[in-house]
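Please treat every number below as a calculation from the coordinates, not as lab data. Remember, predicted model here, so these are calculated numbers, not experimental data. Methodologically, a virtual Cβ is constructed for each residue, glycine included, from the backbone with ideal geometry; neighbour enumeration extends over all protein chains shown.
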Amino acid sequence: MASADGVGSLRSLRSLGPEQHLSVHDHVVNDHGAWATAMNNLGIVPMGLGRQQLVSDSLCIQGFDPGLGLLAPINPMMAGISLVPPPPGPPIIKEIIHCQSCTLFPQNPNLPPPSTRERPPGCKTVFVGGLPENASEEIIREVFDPCGDIIAIRKSKKNFCHIRFSEEFMVDKSLYLSGYRMRIGSSTDKKDSGRMHVDFAQARDDLYEWECQQRLLAREERHRRKIHEDFFRPPSPPPIMHFSDHEAGLLAERLKDDHNFSEATAVLFTWIDRGEVNRRSANHFYSMIQSANSHVRRLMSEKAQHEEEMELAKETFKNSLLAILTQFEQITAVFTAASRQKAWDHFTKAQRKNIDIWRKQCEELRNANSEEIMGIRREEEMEMSDDDSDESPCKKIRREDNGVCGQSGASLREENDSLRWQLDAYRNEVELLRKEQGKACHPDDPEHSLNTHTHLLQQSMHNMHQQLLSLQDQLRSKEVELEQARNEHRYLEGEVLALRDKMLTNGDVVVVEGTNGETPEKVVNGYATTLYPSRDRRSEAAMRGPLTSEREALLLGIISTFLHVHPFGANIDYLWSYIQRLDTTVNPLGDVSAGELESLMGRLPSVFRQELSGVGATLEKRWKFCGFQSLASM
């Protein structure tokens, strides 16, 4: 009676839906005697009567990916995961599974687990062997229904069958039953019991469905990649229509429009590139090219307008910066007045500190704005010099006509202009220092620092003025020599023509050249005349010597004495500092510059000689006294 109640309770559970087959069976059998007797007959100690879930939900997930196996592949770079197999844990203890028609007993936990073959791709079919001879298809379906939806069961006469499920993850659930011993009812007959072996099976239907699924995924991936590439691909250019008289007329009208000019020009270029120009269509293309050329004047006017706007913007920006700089100057003047002794003593220590900080910040900002304005001015000067360089080819032609003397004169003239500009810059700096009234100086003694800066700038300006005067003298002498060379050239041309005429008329003309550097003479009819009268004048001027004033003679004596006591020579800075330390009340040489000393010694190569000493970074120029060597050679 108790066994009948147990069977009835199992039949009531069988009437539930297939989704409840994997839930824990909460029904407790009232009479344990029948089950205990059956287990004792098989020699197995009962471990429990409750039916448990075959495979946990953590291993059998409903959303199982068909492209994967039972577990995802292990990435060796993942933290905490090593390719070394973990130590074997305790064996999984399986429990007895009770069905309506049969009972499943687990194998000995100490035995190794059943082996399985390699899983085929897309496997949905399992092989079940070791079935009892009396096991019917209904009993097999009852046993494997909790694993999932069964599509087909193909049973063989040799105690095995193939079961095909609807999803791949159901195969993993069915592998849990591998190794169980099936017993039909409570019979102890050999035909009613058998040890099941569940393994993967290779079926053509599974492989075909898996290939279809892979092709579907590949198509979706290609479609997704194509959409991505089309999104980032630049748009294709619009198609160009073919040439015809009607299209040419429309294009000519579009070329006259400023808004459609770019598109129309592209069409015209394509037509010409395709070779549409022939004898019949040449007039059409000529008119279209003429229309395109008419836009040149418009483009140049637009460019001039934009340049004018840019110049106005630059001028506005420059005026704004000048206004800001003026206000900075006023603020700095206020700070300078507050830093003077008569007002500075009345402030507290904290107030003085704040005023000092504010003054430094204001001076930094003023200097930054001043540098920006100076940069704008330098750019304007460079633009002006670029404009002047456009006229350089004509100047070069004139210099080539004038010869080498003309080139030297032009270079001296350019150097003269550059020195004049530097002199103007020094004068502007002196005026700026006078206007600032010692703003950048220390508040304790601003007038002394201002006087020092003014004195230094005046001295530099005086030196530049002296260099300018010397260069002007050289320029005048070069111009005189150039004029003399031209006169001599004209004189020689006239003499050559006269001699040629006399040779044709009289016959014998002898030119006698003097030996040892004497002046050549022309002998005509017994008279000798000098061919180069201007050269005699230059030699007479050279005999007067390179010294032009008593001051240069005084400098010559001091330099000769100094270099005579320095047999290894001295550089120009050492010589200049020595002359500056002399008593200026006796000798007025305090305003002499290093450039003036170098030019004086350069004009006397027989007295002074310049040599290079040192190697690499220690390379320097030294002047030596060589008057005695020159005297001995003479």
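Other residues within the sphere of radius under 11 Å centred on the Cβ of GLN107, judged by their own Cβ, net out at +3 (K and R +1, D and E -1). Applying both filters, DSSP loop and at most 11 other Cβ atoms within 10 Å, to the trypsin sites (Lys or Arg not before Pro) of the range 105-164 gives ARG117, LYS157, LYS158. How high is the FRET efficiency from GLN466 to GLU620, r the C-beta distance, R0 25 Å, rounded to 0.05? In this case the efficiency is close to 0.55.
Please find the FRET efficiency linking GLU488 to TYR286, where r is the Cβ-Cβ separation and R0 is fixed at 56 Å, and quote it to the nearest 0.05.
My answer for the efficiency is 0.35.
Net charge in the neighbourhood of HIS259 (other residues with Cβ under 15 Å of its Cβ; Lys, Arg +1, Asp, Glu -1) is -2. A simple packing score, the average count of other Cβ atoms within 10 Å per residue, orders the peptides 283-289, 498-504 as 283-289, 498-504, with the highest score first. Scalar couplings 3J(HN,Hα) for the range 244-254, obtained by applying the Karplus form with A = 6.51, B = -1.76, C = 1.60 to θ = phi - 60°, are 7, 5, 5, 5, 5, x, 5, 5, 5, 5, 5 Hz; x denotes Gly and Pro. Taken one residue at a time, the phi angles of the range 467-484 give Karplus couplings (6.51, -1.76, 1.60, θ = phi - 60°) of 4, 5, 5, 5, 5, 5, 4, 4, 4, 5, 5, 5, 5, 5, 5, 4, 5, 5 Hz. Gly and Pro are set to x.
When peptides 306-314, 105-113 are ranked by their average number of other Cβ atoms within 10 Å per residue, the highest-first order is 105-113, 306-314. The calculated FRET efficiency for HIS564 paired with LEU299, based on their beta-carbon distance and R0 = 56 Å, is about 0.15. Between the amide H of CYS102 and those of GLY185, distances stay under 5 Å, these residues lying 5 or more places away or on another chain, with hydrogens modeled in the peptide plane.
Taking amide hydrogens as placed 1.01 Å from N in the peptide plane, the amide H of ILE151 sits under 5 Å from those of ARG164, PHE165, SER166, each at least 5 positions away in sequence or on another chain. If you take all other residues with their beta carbon under 15 Å from the beta carbon of THR270, and give Lys and Arg +1 and Asp and Glu -1, the sum is -2.
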